Amino acid sequence: MAAITSITANGTSSGYGPESGQRGYELYVKAPNMRTQIIHTDNGDSTTTTDGRQAWVAAPLRPVAVMEYSGGELEGAKVDAALAFPARIKQTLANLHTGAPQIVNDKRVQVIQGTAGTGANQTMVTLYFDPETALLVRMRRYAAGAVGRTPTEYDYSDYRDVNGVKMPFKWTEMWLDGRESVELSEIRVNANIEAARFNKPAPSAVPKK
């Protein structure tokens with residue numbers, strides 16, 4: 001696991017409401033905590049990026065063309081990037097401890113909790129592992145915000161072998177007012193990713209027809 005320093009992937013994504021159809025999806029991740037995902041919507045690309053220090057989202061049909069994350073949202077973006085690499089759990093999360101076993105998808109799972117960030121921006125992260133396979137089946141993080149702690153949850157499935165490491169080819173991301181389901185068709189590891197891929201994204205443009 002420690003030998004994997006970058007991940008690139010392609011597939012499809014489906015949201016909810018008018019965006020429930022399948023759309024093209026791209027993922028670029030570089031250790032220790034850089035990540036860019038691009039969803040090709042009918043109205044233009046929706047891009048979420050973190051360079052490990054800052055994070056942004058550029059999406060169509062929004063009042064702010066490129067919004068910079070701050071506080072708990074920024075810490076959450078960093079966590080999503082770092083935990084793409086299983087070997088970095090101990091480096092990413094502090095105060096690790098076990099929690100009471102819980103049920104996920106009708107199956108008993110083991111729980112480990114930790115924190116990322118400090119002070120008011122500290123993010124609580126809970127990891128749920130299948131005790132039979134030791135694979136991560138759910139990750140839930142709570143970001144501090146103006147209305148209290150707000151959760152973001154990922155459910156992972158369809159693990160396949162990629163260069164000797166089991167990686168999920170499907171996941172569903174859920175937050176307070178949204179849901180995104182991703183299904184990958186290909187994952188490549190240790191490919192060269194240009195540093196510019198993690199720069200602040202340009203505003204979304206309506207695709208030409």
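Suppose the filter is in a strand (DSSP E or B) and farther than 20 Å from Y28 by Cα; does R188 pass it?
When the stated conditions are applied, R188 does not pass them.
The single residue among M167, M174 that is surrounded by 18 or more Cβ atoms within 10 Å (Cβ to Cβ) and within 19 Å of L83 (Cα to Cα) turns out to be M167.
Residue-wise test of (1) polar (S, T, N, Q); (2) under 26 Å from T92 (Cβ atoms).
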| residue | (1), (2) |
| --- | --- |
| R35 | no, yes |
| Q54 | yes, yes |
| V57 | no, yes |
| L61 | no, no |
| M67 | no, yes |
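Of the residues R188, R179, R138, which single one is surrounded by 13 or more Cβ atoms within 10 Å (Cβ to Cβ) and modelled with pLDDT of 95 or more? Walk me through it before giving the result.
Details: R188 fails: surrounded by 13 or more Cβ atoms within 10 Å (Cβ to Cβ); R179 fails: modelled with pLDDT of 95 or more.
Going through R188, R179, R138 in turn, just one is surrounded by 13 or more Cβ atoms within 10 Å (Cβ to Cβ) and modelled with pLDDT of 95 or more: R138.
Screening segment 110-170 for strands (runs of 3 or more DSSP E) wholly inside it with 1 or more residues that are more than 30 Å from Q22 (Cβ to Cβ) and among the polar types (S, T, N, Q) returns the ranges 123-129.
The set of residues from segment 169-187 being among the charged types (D, E, K, R) and either in contact (Cβ under 8 Å) with a residue 60 or more places away in the chain or at positive phi (or both) comprises R179, E180, E183, E186.
Of the residues T123, T133, only one is in contact (Cβ under 8 Å) with a residue 24 or more places away in the chain and open to solvent by less than 30 Å² (accessible area, probe 1.4 Å); which?
T123
Once segment 37-91 is narrowed to residues that are of a type in the set (G, A, S), in contact with a helix residue (DSSP H, G or I) (Cβ under 7 Å, 6 or more places away or on another chain) and in a helix (DSSP H, G or I), the residue that is farthest from Y25 (Cα to Cα) is G71.
The values are calculated or read from the model by the stated rules, or taken from the named source; none is laboratory data. All values reported here derive from a predicted model rather than from experimental measurement. Note that we place each Cβ from the backbone using ideal geometry, even for glycine, and neighbour counts take in every protein chain shown. Surface areas here come from the heavy atoms of the whole protein model, side chains and all, with no ligands, DNA or RNA. Shrake-Rupley method; radii C 1.70, N 1.55, O 1.52, S 1.80 Å.
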